[in-house]
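The values are calculated or read from the model by the stated rules, or taken from the named source; none is laboratory data. These numbers come from a predicted model, not from an experiment. Ideal geometry is used to build each Cβ from the backbone, glycine not excepted, and the neighbour counts take in all protein chains shown.
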């Protein structure tokens, strides 16, 4: 069972297709991601997560969401987000949003 978890995670890293798409993942893709990240966080392969393992799981999930959000913002796919790309995303992104730094005012 442990080998199949590692195989699944390796496949997702080699063939990230849906994980790196700029459109939202389907429910099936999200479930597959969750399964893979759960397996990665389950350090002792017990099939359950201790508190420390769960903290790691949450961190892995946040990292995945951040990666997806970055790729969505990087409209031209050059691996960086310009101010123009950030501003083009519209309200709710950038300075002043959700505890970020306040917007700059002259």
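Is it true that residue 68 is closer than 24 Å to residue 80 by Cβ and either part of a loop (DSSP other than H, G, I, E, B) or at pLDDT 95 or above (or both)?
In short, no.
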Among the candidates 73, 61, which residue alone is farther than 30 Å from residue 44 by Cα, in contact with a helix residue (DSSP H, G or I) (Cβ under 7 Å, 6 or more places away or on another chain), surrounded by 10 or more Cβ atoms within 10 Å (Cβ to Cβ) and at pLDDT 90 or above?
73
How about segment 49-58: which of its residues are assigned to a helix (DSSP H, G or I) and surrounded by 16 or more Cβ atoms within 10 Å (Cβ to Cβ)?
53, 56, 57
State all residues of segment 85-98 that are exposed (fewer than 10 other Cβ atoms within 10 Å of the Cβ) and either more than 19 Å from the chain's Cα centre (by Cα) or modelled with pLDDT of 95 or more (or both); if no residue qualifies, say none.
90, 91
Against the conditions (1) modelled with pLDDT under 95; (2) surrounded by 10 or more Cβ atoms within 10 Å (Cβ to Cβ); (3) over 18 Å from the mean Cα position of the chain (by Cα), where does residue 21 fall short? Just the number, please.
(3)
